[in-house]
1. Between E302 and N105, how high is the FRET efficiency from 1/(1 + (r/R0)^6) when r is the Cβ-Cβ distance and R₀ = 45 Å? Nearest 0.05.
2. Provide the gained length on full extension for the span K60 to K46, in nm with one decimal, where the gain is 0.36 nm per separating residue minus the Cα-Cα distance.
3. Multiplying the sequence separation of S14 and Y75 by 0.36 nm and subtracting their Cα-Cα distance, what value in nm do you get?
4. Once every Cα of segment 293-340 carries one equal point scatterer and solvent is ignored, give the base-10 log of I(q)/I(0) from the Debye formula at q = 0.27, 0.31 Å⁻¹, two decimals.
5. Any of K100/K334; K63/K311; K51/K100; K83/K311; K82/K321; K81/K399 with alpha carbons more than 31 Å apart? Name them for me.
6. I need the phi-derived Karplus couplings for segment 52-62: 6.51 cos²θ - 1.76 cosθ + 1.60, θ = phi - 60°, integer Hz, Gly and Pro marked x.
7. Amide H to amide H under 5 Å from V340: which residues, 5+ apart in sequence or cross-chain, H placed 1.01 Å off N in plane?
8. Exposure proxy check: H332, H112 ranked by fewest other beta carbons within 10 Å?
Amino acid sequence: MGANVSQLEREIGSDLFPANEHYFGLVNFGNTCYSNSVLQALYFCKPFREKVLEYKAKNKRPKETLLSCLADLFYSIATQKKKVGSIAPKKFITRLRKEKEEFDNYMQQDAHEFLNFLINHINEIILAERNAGPSHGNGNGNGKSSGGGASTSQMATSTASKSSSTSNSNSNSNSTSNSTTTNGNSSNSTGSLNAAAGAAAATTSVLDASGGLTATTTPLVQTNGANSEPTWVHEIFQGILTSETRCLNCETVSSKDENFFDLQVDVDQNTSITHCLRCFSNTETLCSDNKFKCDNCCSYQEAQKRMRVKKLPMILALHLKRFKYMEQFNRHIKVSHRVVFPLELRLFNTSDDAVNPDRLYDLTAVVIHCGSGPNRGHYISIVKSHGLWLLFDDDMVDKIEASTIEDFYGLTSDIHKSSETGYILFYQSRDCA
Ligand SMILES: [Zn+2]
């Protein structure tokens, strides 16, 4: 110890430094903070880290994939001699740039798009390797024909309700054009919202007028046929939403389940995640151009629809939709609204037949966007580890007080100002801690 002890170790204290834990920053390779911040958050999601390290242990000489590179990186962090320091995720970034053209540059990327890509891609790798494994013999064993290869087209985020846009970029296309009227009187906003802030806060009109695009989810690629057993990625991240639609003509209720690996919620000014989730599950009326085709009536009818969580995932990832397309600016702008996210979370928007409705979640990690717009700014993350809160800013790691988390809720006014706001929240179910 002595002179070799870093400031972080001193702050934590050698007695209190968790055994077998390592806090390593990640070197930035030119705007790769979107990746660094997500990787740190995932590293501190315990079930995910364990599975990745298990993969590393089981696959001594794997073909190089993004998963093998991730496993090498996690292993490298977990086996460092020093307790703190920084490490260069060079192989991972090189592989990432090879894997996906959109990331093959030095531009700022969307951390949520990256997370979405990474989780889906890892899942596909596991499926492809399973298909190519011993149970399938050596017949045509390139694994390309089934699951993994065929499913790449499904990686895009999809909107949960009927949608006007299914573009490949994430949920940003959610229309806000109908709410661009000045709406300073928005119910839950206090004080002086300017016109633009009021616009984005006017969610009730978004709910009704934009065809029910209240919420979107990201589905995971599904397994098929003989390989229908879930992968560990499914086991960790996948939940099930059920959407119930009640025909207002015949009262018939129909329901449909869909998988998700994260929930994407709209943000309102001066609210909380609980509020966002309640809005996510608000009843919406399907009417005018957006009627529901009722099988019982054999015609399009007005209907009421709502989405609730039927299976709660082990890790609940919540994406705050902070980048919204604003027609009057012809670009995406950042919505810096203050949205409180609690350290403990219970879901109230569960369905009556939910498997595990009482799951209690603890906040484990937050990816934070710093800046004023989607294509500028910076990403950092805060994580909870052994009761300590740490802030990872590329290669820098600092201990922070839990009270500092409030600084990342957002701003109570002025939508255009630069802000440091929670962007992706990772909640871990207490029963898997
Ligand atoms: Zn009907």
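The numbers here are math on the coordinates, done by the rules we state, and not lab data. This structure is a prediction, so every number in the text was calculated from the model and none was measured. Backbone-built Cβ (ideal geometry, glycine too); neighbour counts: all protein chains shown.
1. Once the sixth-power term is evaluated, E becomes 0.45.
2. Full-extension gain reported as 2.8 nm.
3. Values: separation 61, 0.36 × 61 = 21.96 nm, distance 2.31 nm.
In short, 19.7 nm is gained.
4. -1.01, -1.15
5. Details: K100/K334 25 Å; K63/K311 34 Å; K51/K100 24 Å; K83/K311 38 Å; K82/K321 38 Å; K81/K399 20 Å.
Long pairs (Cα-Cα over 31 Å): K63/K311; K83/K311; K82/K321.
6. With the stated coefficients, segment 52-62 comes to 5, 5, 5, 4, 4, 5, 7, 10, 5, 10, x Hz.
7. For V340, the qualifying residues are T271, S272, I273.
8. Values: H332 19, H112 28.
Ordered by Cβ neighbours within 10 Å, fewest first: H332, H112.
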